[in-house]
Protein chains: 2
Amino acid sequence: MRILVVGATGTIGRAVVAALSASNEVISASLRSTTVKVDIADPASIQRMYRSVGRLNAVVCAAGQAKFAPLAQLSDADFRFCLDNKLMGQVNLVRFGFEHVEDGGSFTLTTGILAQAPMPGSAAISLVNAGVEGFTRAAALEAPRKIRVNAVSPPWVTETLQALKMDTS
Amino acid sequence: MRILVVGATGTIGRAVVAALSASNEVISASLRSTTVKVDIADPASIQRMYRSVGRLNAVVCAAGQAKFAPLAQLSDADFRFCLDNKLMGQVNLVRFGFEHVEDGGSFTLTTGILAQAPMPGSAAISLVNAGVEGFTRAAALEAPRKIRVNAVSPPWVTETLQALKMDTS
């Protein structure tokens with residue numbers, strides 16, 4: 001299969017690319033890439049990416065930023081950033097991607113455990129992750145040509161906990 | 001108690017006001033009101049409302065618009081409208097409202113059954129409702145002074161089905 005992995009250079013994205021590459025043609029896209037560069041917070045950037053990569057069997061998104069901070073410190077701009085990035089970025093990957101994906105293909109989005117199991121500091125992320133899940137459930141009903149839309153919700157990964165200086169045990 | 005009902009002139013809001021008025025001081029706010037007027041899609045309008053109404057024991061939101069339409073017909077502007085209105089409108093009622101609510105008070109937001117039980121046409125509403133639920137779960141953990149944050153998820157109500165010319169049986 002031809003699989004586009006968005007967020008291919010991130011912690012989870014690198015693992016996804018490694019797992020899929022043995023038996024698939026993987027096209028890696030990311031914010032930092034020099035080959036297929038994409039900023040999912042920018043709808044025009046998503047459209048350019050799809051035009052550049054050709055027909056696909058699957059799209060996997062492991063990209064999407066959102067801000068972890070106490071609710072009282074989250075600004076209007078912080079919420080806007082989270083909505084534009086991890087939430088609408090992934091929504092737009094699906095909306096703009098349908099026409100580039102073959103019959104019976106798939107979209108796999110990434111939410112996260114904070115959608116259902118919040119913690120202090122997760123208000124914006126919990127909002128965004130739950131929103132992605134709500135959209136995914138609905139979009140799956142309307143996807144054309146037997147295309148599937150799913151989301152996976154990873155737990156905390158060790159690399160992220162280490163980056164945030166949180167307990168990894 | 002002094003209870004602010006936002007969306008007091010809507011289908012559900014009118015019923016909430018009627019139910020609460022017997023034993024509480026209810027302050028009714030809505031987009032159409034001539035007394036306490038508020039547009040929850042406008043953060044400045046929410047701030048003005050809170051400054052005008054004084055101290056509160058509870059805030060109930062039955063306001064919040066979102067667009068029901070086939071996914072393929074939902075525009076960037078439609079998603080933006082839904083995010084600004086039913087999603088961030090309610091998030092901002094909580095964020096900006098904490099300082100106006102007494103110790104042990106409460107916020108009650110409104111989501112809807114489409115969060116968990118989508119149907120064709122509900123992509124934007126399912127996203128928004130699920131997002132409100134995710135935010136609510138997280139915000140409840142950080143609310144100060146024993147203030148509570150909850151959301152209720154009503155099923156379809158007859159008046160709405162009639163307005164949309166859908167089966168009410």
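The values are calculated or read from the model by the stated rules, or taken from the named source; none is laboratory data. The structure displayed is predicted, hence computed values, not measured ones. When we count neighbours, we look across all protein chains shown, and the Cβ atoms used for this are built from the backbone with ideal geometry, even at glycine. Side chains included, ligands, DNA and RNA excluded: accessible areas come from the protein's heavy atoms. Shrake-Rupley method; radii C 1.70, N 1.55, O 1.52, S 1.80 Å.
Which residues, counting only those in the range B:51-79, are more than 16 Å from B:Ala130 (Cα to Cα) and within 12 Å of another protein chain (Cβ to nearest Cβ)?
Correct list: B:Ala69, B:Pro70, B:Leu71, B:Ala72, B:Gln73, B:Leu74, B:Ser75, B:Asp76, B:Ala77, B:Asp78.
Search the range B:140-165 for residues that are without any contact (Cβ under 8 Å) to a residue 12 or more places away in the chain and pair each with any residue that is of a type in the set (Lys, Arg) when their beta-carbon atoms are under 9 Å apart and the residues are at least 6 apart or on different chains.
As it stands, the answer is B:Ala140/B:Arg148, since those pairs meet every condition given.
So if I check each of A:Ala19, A:Ala41, A:Ala29, which one is out of contact with any strand residue (DSSP E or B) (no Cβ under 8 Å at 6 or more places or on another chain), without any contact (Cβ under 8 Å) to a residue 40 or more places away in the chain and not acidic (Asp, Glu)? Before you say what the answer is, go through the steps one by one.
Values: A:Ala41 fails: without any contact (Cβ under 8 Å) to a residue 40 or more places away in the chain; A:Ala29 fails: out of contact with any strand residue (DSSP E or B) (no Cβ under 8 Å at 6 or more places or on another chain).
After ruling out the rest, the residue left standing is A:Ala19.
Go through the range B:6-19 and count every residue that is surrounded by 17 or more Cβ atoms within 10 Å (Cβ to Cβ) and hydrophobic (A, V, I, L, M, F, W, C). Break it down into steps so the answer makes sense when it comes.
Our first condition is that a residue be surrounded by 17 or more Cβ atoms within 10 Å (Cβ to Cβ); within the range B:6-19, this holds for B:6-8, B:10, B:12-14, B:16-17.
Now drop any that are not hydrophobic (A, V, I, L, M, F, W, C), which leaves B:6, B:8, B:12, B:16-17.
Number satisfying all stated conditions: 5.
Out of the range A:67-123, which residues are surrounded by fewer than 16 Cβ atoms within 10 Å (Cβ to Cβ), acidic (Asp, Glu) and under 29 Å from A:Val53 (Cβ atoms)?
Within the range A:67-123, A:Glu99, A:Glu102, A:Asp103 meet the criteria.
Residues checked against (1) touching a helix residue (DSSP H, G or I) at 6+ places or on another chain (Cβ under 8 Å); (2) more than 8 Å from chain A (Cβ to nearest Cβ); (3) among the aromatic types (Phe, Trp, Tyr):
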| residue | (1), (2), (3) |
| --- | --- |
| B:Asp103 | no, yes, no |
| B:Met119 | yes, no, no |
| B:Val152 | no, yes, no |
| B:Glu159 | yes, yes, no |
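If I go through the range A:129-150 residue by residue, how many of them are open to solvent by 40 Å² or more (accessible area, probe 1.4 Å) and in contact with a strand residue (DSSP E or B) (Cβ under 7 Å, 6 or more places away or on another chain)? Please lay out each step first, then the result.
The first filter runs over the range A:129-150 and keeps only residues open to solvent by 40 Å² or more (accessible area, probe 1.4 Å), leaving A:137, A:140-142, A:144-146, A:148, A:150.
Adding the requirement that they be in contact with a strand residue (DSSP E or B) (Cβ under 7 Å, 6 or more places away or on another chain) leaves A:140, A:145-146, A:148, A:150.
Of the residues in the range A:129-150, 5 are open to solvent by 40 Å² or more (accessible area, probe 1.4 Å) and in contact with a strand residue (DSSP E or B) (Cβ under 7 Å, 6 or more places away or on another chain).
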